[in-house]
Amino acid sequence: KFNIVRYFVYYLRVRLKVVPWDYDFSKEEFDGLFISNGPGDPEKCDKTVKCLQQVMEERPRLPIFGICLGHQLLSLAAGCKTYKMKFGNRGVNQPCIDLRTGRCYITSQNHGFAVDDSNLPEGWHSLFVNANDGSNEGIAHKEKPWLSVQFHPEACCGPVDTAFLFDEFLRILRDAQGRSLTTISYKHPQAITKVLVLGSGGLTIGQAGEFDYSGSQAIKALREQHVQSVLINPNIATVQTSKGLADQIFFVPVTPEFVTKVIEKVRPDGLFAAFGGQTALNCAVQLHRNGTLKKYGVKVLGTQIDAIVATEDRDVFKA
């Protein structure tokens, strides 16, 4: 909180008045309102929320900026809901995506509650999102000069990646009429925990050994990333099928029929098709075309189906 005061007084050079959390500021005269961090359950600060709602209703062009608990209080005043997180986000290395630009910033955080942005009131948009867990990290009104963030842009001793938000608030103070918010859509990446590897199948001396090698390296890479590997390979005489390499092995043919049965049983998140030669590539293309991959939510990793099809079609490949 002292660093917030320093930012306003010594950096932005504004006149600042600090009041208690339950202070009635609805009748005060000021150019902008800042709501600081907590700690605490935001729903227990009903006096502050009601006072905020009154100010927002009576002075819709008054700039408002909230941080941490202040973000949650402004959200409640706007009509949003908050919830208690299972673990919370704490530390000085939390990545947050700015939904105006798509840029990621490293932020400092220490909170156990969050804003539910699944159904924001009309006119409000998510401003930041946590790149780790997809939780909301900020909201802003599309036209009115109101914004807030869950993290700490004033963090001392850093990171200071988002200190520019104080400058942004000062610009809003100087021109509250000219604000217009535009954000981009963002979908939190699906966590990959289990991957199906289509193996090399039957080998002959001096032929296709590179597929056995590359597939083995893929399985090792998955293990290094703590991702479970599921291998389909009917050939027991390969490096891929060595004991202790893959987490799970199915000695069945690499055909759409058998691969579909394996997918139904193990429900992988992703699939590698590029480490099993022509047989694996053809199988993956057929699974894509008959809708099996889409039906079970299996994402093709690495070389994509369109690229496989294009390289198989000589006319398309030459073009």
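The values are calculated or read from the model by the stated rules, or taken from the named source; none is laboratory data. These numbers were taken from a predicted model, which means no experiment stands behind them. Cβ: placed from backbone, ideal geometry, glycine included. Neighbour counts: every protein chain shown. In case anyone asks, the SASA skips ligands and DNA or RNA and just uses the protein heavy atoms, side chains included. Shrake-Rupley method; radii C 1.70, N 1.55, O 1.52, S 1.80 Å.
Tell me which residues, restricted to region 135-152, are farther than 10 Å from CYS68 by Cβ and in a loop (DSSP other than H, G, I, E, B). Across region 135-152, the qualifying residues are SER135, LYS142, GLU143, LYS144, PRO145. Of the residues making up region 260-289, those that are of a type outside the set (D, E, K, R), more than 22 Å from GLN190 (Cα to Cα) and either open to solvent by 60 Å² or more (accessible area, probe 1.4 Å) or touching a residue at least 40 places away in the same chain (Cβ under 8 Å) (or both) number 9.
The single residue among PHE128, PHE169 that is of a type in the set (Phe, Trp, Tyr), at pLDDT 90 or above and either assigned to a loop (DSSP other than H, G, I, E, B) or touching an Asp or Glu at 6+ places or on another chain (Cβ under 8 Å) (or both) turns out to be PHE128.
Residues in region 172-220 that are of a type in the set (Lys, Arg), open to solvent by 80 Å² or more (accessible area, probe 1.4 Å) and at pLDDT below 90: ARG174, LYS187. The single condition among (1) open to solvent by less than 70 Å² (accessible area, probe 1.4 Å); (2) without any contact (Cβ under 8 Å) to a residue 12 or more places away in the chain; (3) in a loop (DSSP other than H, G, I, E, B) that VAL160 does not meet is (1). Selection of helices (runs of 4 or more DSSP H) fully inside region 1-96 by the criterion of at least 2 residues being open to solvent by 10 Å² or more (accessible area, probe 1.4 Å) and among the small types (Gly, Ala, Ser) returns 69-78. Taking every residue in region 99-119 that is over 14 Å from ILE139 (Cα atoms) and pairing it with any residue that is part of a loop (DSSP other than H, G, I, E, B) and acidic (Asp, Glu), at least 6 positions away or on another chain, the pairs with Cβ-Cβ distances below 7 Å are TYR105/ASP161; ILE106/ASP161; THR107/ASP161; PHE113/ASP41. Given the condition under 21 Å from the mean Cα position of the chain (by Cα), open to solvent by 30 Å² or more (accessible area, probe 1.4 Å) and of a type outside the set (Asp, Glu), answer yes or no: does some residue in region 133-155 qualify? Taking every residue of region 133-155 in turn, none turns out to be under 21 Å from the mean Cα position of the chain (by Cα), open to solvent by 30 Å² or more (accessible area, probe 1.4 Å) and of a type outside the set (Asp, Glu). Would you check if PRO60 is touching a residue at least 24 places away in the same chain (Cβ under 8 Å), in contact with a helix residue (DSSP H, G or I) (Cβ under 8 Å, 6 or more places away or on another chain) and not hydrophobic (A, V, I, L, M, F, W, C)? Considered against the rule, which asks whether it is touching a residue at least 24 places away in the same chain (Cβ under 8 Å), in contact with a helix residue (DSSP H, G or I) (Cβ under 8 Å, 6 or more places away or on another chain) and not hydrophobic (A, V, I, L, M, F, W, C), PRO60 comes out as no. If you go through region 235-258 and keep only what is at pLDDT below 90 and buried (at least 18 other Cβ atoms within 10 Å of the Cβ), you end up with THR238, GLN240, THR241. Residue-level check: of (1) of a type outside the set (Asp, Glu); (2) surrounded by fewer than 22 Cβ atoms within 10 Å (Cβ to Cβ); (3) assigned to a strand (DSSP E or B); (4) in contact with a helix residue (DSSP H, G or I) (Cβ under 8 Å, 6 or more places away or on another chain), PRO121 misses just (3).
Of all the criteria given as (1) open to solvent by less than 70 Å² (accessible area, probe 1.4 Å); (2) under 15 Å from SER200 (Cβ atoms); (3) not hydroxyl-bearing (Ser, Thr, Tyr), the one not satisfied by ASP313 is (2).
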